[in-house]
Amino acid sequence: MTLLPAAMVLALLIDRWWGEPPVRWHPVVWMGKGLDALGRHIAPAVGQSVPSKARMFLAGAMAWTAGAGVVVLIAWAATRAVGHAPAWLQVLALGVLLKPLLAWRMLRDEVRAVEAALGESLGAGRERLAWLVSREVSALDAAQVRESAIESLAENLNDSVVAPLFWFAVAGLPGAALYRFANTADAMWGYRGERGGRDWTWAGKWAARADDVLSWLPARISGALLGVLGAARDLGTLPAQARRTPSPNSGWPMAAMALALDVRLGKPGVYELHGAGRSPQAADTAQALRLAGRVVALLGAAALLWAALAWRFAA
């Protein structure tokens, strides 16, 4: 039992020291390429004759299940391959394999880059934000650019750190790999309408719902950690605030961040979180990054304590 928490600590240290592996060796990039190839066969091109909704849904579900099965099988095989090695080698292997399935340093650096670009000009801030979010950025003002960056930080803190670590703790490397596959599939397929010239309304519905299920508990853990560590005011309003977003999960870390910073966050015409808060300033981006960093540090400390206790009781 000491292997999993020790591997979590190692993965976080690798992320801190070295960041992401090269693209050609990145398993999430491989997942994305596989999903892109599968997607061409399940989602009809816009303007093309559309199969029945049931057929598109079934095709999406079957493709997702097949892809998830391959990912889980590979992760299980990798775990089995080192299962009889010395404990230190198992921890090293699992930590190295877990690292690409989480990404805190890259997220932190991207949010910092948006704020730095916004300090140069609104156009530069919008351009840099487009690297981080999928929404249209051309009409956003400076405050909205900053809001979007802080929201993305909160949402991806869950998607890229808390949830992968949660599922690794629950089900080892296969659990973390399955979550990362589901989250990537949702980002690529989980759209209500057109994306990339294809209609994903029904073909991507299974992928969207699978991610909702796997993210449900981690998102609430993320929201609670952000709220408590940020000493958020009116934390009792978090559930109501979170329900204002279309997603059943992303509202939790985003609303908690808004309450902790006492700022207003939102997407024009879609939702508003903590409407009584002020418009975020540059100092709020820095504070948001510090708060997210505290959550990551707490997760690392919890994993270290878990490893120490497991080792103590196993001795």
| note | Taking the range 183-213 and keeping residues of a type in the set (A, V, I, L, M), crowded, with 24+ Cβ neighbours inside 10 Å and under 13 Å from the mean Cα position of the chain (by Cα) leaves Ala185
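Before we move on, is Ala93 surrounded by fewer than 22 Cβ atoms within 10 Å (Cβ to Cβ), assigned to a helix (DSSP H, G or I), within 19 Å of the chain's Cα centre (by Cα) and small (Gly, Ala, Ser)? Before the answer, list the steps.
Working: surrounded by fewer than 22 Cβ atoms within 10 Å (Cβ to Cβ): yes; assigned to a helix (DSSP H, G or I): yes; within 19 Å of the chain's Cα centre (by Cα): no; small (Gly, Ala, Ser): yes.
When the stated conditions are applied, Ala93 does not pass them.
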| Checking Thr79 against (1) at pLDDT below 95; (2) of a type in the set (Val, Ile, Thr); (3) surrounded by 16 or more Cβ atoms within 10 Å (Cβ to Cβ); (4) touching a Gly at 6+ places or on another chain (Cβ under 7 Å), which test does it fail? | (1)
| request: Could you please let me know if Pro51 is within 27 Å of Ala207 (Cβ to Cβ) and either within 21 Å of the chain's Cα centre (by Cα) or buried (at least 19 other Cβ atoms within 10 Å of the Cβ) (or both)? | output: no
| message | Scan the range 198-211 and tell me whether some residue there is on the phi < 0 side of the Ramachandran plot, in contact with a Pro (Cβ under 7 Å, 6 or more places away or on another chain) and not aromatic (Phe, Trp, Tyr). | response | yes
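Looking only at the range 214-224, decide whether some residue is without any contact (Cβ under 8 Å) to a residue 24 or more places away in the chain, assigned to a helix (DSSP H, G or I) and surrounded by 15 or more Cβ atoms within 10 Å (Cβ to Cβ). Steps first, answer last, please.
The first filter runs over the range 214-224 and keeps only residues without any contact (Cβ under 8 Å) to a residue 24 or more places away in the chain, leaving none.
No, that holds for no residue.
Out of all the residues in the range 225-246, which are β-branched (Val, Ile, Thr) and in contact (Cβ under 8 Å) with a residue 12 or more places away in the chain?
Pass one, the range 225-246, residues β-branched (Val, Ile, Thr): 228, 237, 245.
Thr237, Thr245 - these are the residues of the range 225-246 that are β-branched (Val, Ile, Thr) and in contact (Cβ under 8 Å) with a residue 12 or more places away in the chain.
Being surrounded by fewer than 13 Cβ atoms within 10 Å (Cβ to Cβ) and either among the charged types (D, E, K, R) or touching a helix residue (DSSP H, G or I) at 6+ places or on another chain (Cβ under 7 Å) (or both) is true for just one of Arg294, Arg264, Arg278. Which residue is that? Give the derivation first.
On the way: Arg294 fails: surrounded by fewer than 13 Cβ atoms within 10 Å (Cβ to Cβ); Arg264 fails: surrounded by fewer than 13 Cβ atoms within 10 Å (Cβ to Cβ).
Matching residue, one of Arg294, Arg264, Arg278: Arg278.
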| message | If I ask for residues that are under 17 Å from Arg195 (Cα atoms), crowded, with 18+ Cβ neighbours inside 10 Å and of a type in the set (A, V, I, L, M, F, W, C), which ones from the range 27-48 would you list? | response | Leu35, Leu38, Ile42, Ala43
| request: Tally the residues that are part of a helix (DSSP H, G or I) and farther than 24 Å from Ala302 by Cβ, restricting the search to the range 240-259. | output: 4
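Residues Leu73, Leu12: which one is closer than 20 Å to Gly175 by Cα and buried (at least 18 other Cβ atoms within 10 Å of the Cβ)? Lay out the reasoning, then the answer.
Values: Leu73 fails: buried (at least 18 other Cβ atoms within 10 Å of the Cβ).
Answer to the check: Leu12.
The values are calculated or read from the model by the stated rules, or taken from the named source; none is laboratory data. This is a predicted model, so every value here is computed, not measured. Using ideal geometry, Cβ is built from the backbone for each residue, glycine included, and neighbour counts are taken over all protein chains shown.
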